[in-house]
Amino acid sequence: MNQLDRYDYAILDALQRDGTLSVAQLSEQIGLSTTPCWKRLRRLEEEGYIENRVAIINRRKVGLPVTVFVSIRVTQHDEKWFARFADAVSALPEVQEFHRMSGDIDYLLKVVTSDIEGYDRFYKKLIKSVQLTGVSSAFSMEQIKITTSLPLGLVSHQ
């Protein structure tokens, strides 16, 4: 993995704010000519710094206004059980994020759904998939901040 310099970080920062930028627009924004900018962009993609370019959809407008944080506790921690659990949770389309945690909670899910009934359907699928010790749900009342942008300004670079 190569060391990133200020131009690489500038490319990453610009693209995480607007993934639709053309190479010409990107090169103008960061102060590089088009060809070197394009080469850097390709390298950043090939080396996995840029994983994907996506559109961010307004979840309320498409009928998924409810966000639920689901805390899961388990007693089983063996690899076979985890593989089954990870496959089952990953297959549930409502799950946006799936984390293995430290502390009192073993796993944390971020789930989006249409309403309480939609969450209940999700919950029934979840508990049917594998043996769980405890499931606790916290409904988000208000979204104060959400971003997909990483704080690249906090990283020291050349």
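A few notes on this one:
- For the chain, the spread of Cα positions along the three principal axes, ordered from largest to smallest, is 56, 38, 25 Å.
- With Rh defined as the Kirkwood radius, the inverse of the mean 1/r over Cα pairs, the Rg/Rh of segment 102-158 is 1.12.
- Alpha-carbon centroids, segment 61-98 and segment 115-158: separation in whole Å: 9
- Dipole axis of the chain (+1 Lys, Arg; -1 Asp, Glu on Cβ), positive-most option in 24, 105, 123: 123
- Seen from every direction in turn and averaged, the convex hull around the alpha carbons of segment 6-55 projects onto 3.0 nm².
- Proximal charge balance of residue 32 [Cβ under 15 Å; K/R count +1, D/E count -1]: +1
- Around residue 105: net Lys/Arg minus Asp/Glu count, Cβ-Cβ under 14 Å: 0
- Cross-link reach list, aspartates and glutamates versus residue 145, counting only Cα pairs under 17 Å and skipping chain neighbours closer than eight places: 97
- Candidates 107, 123, 49, ranked by Gaussian network fluctuation over the chain, Cα under 10 Å, top entry: 49
- Placing a label point 7 Å from the Cα of residue 54 along the Cα-to-Cβ direction, the residues of segment 134-156 whose backbone N falls under 12 Å from that point are 148-149.
- Peptides ranked, highest mean first, by Cβ atoms within 10 Å: ranges 124-132, 109-117: 109-117, 124-132
- With both labels modelled 7 Å from their Cα along Cα-to-Cβ, the residue 79 to residue 62 distance reads 3.6 nm.
All of the numbers you see were taken from the coordinates with simple rules; none came from a lab. Predicted, not measured: the structure shown is a model, and the values here were computed from it. Here Cβ is always computed from backbone atoms with ideal geometry, including for glycine, and neighbour counts include all displayed protein chains.
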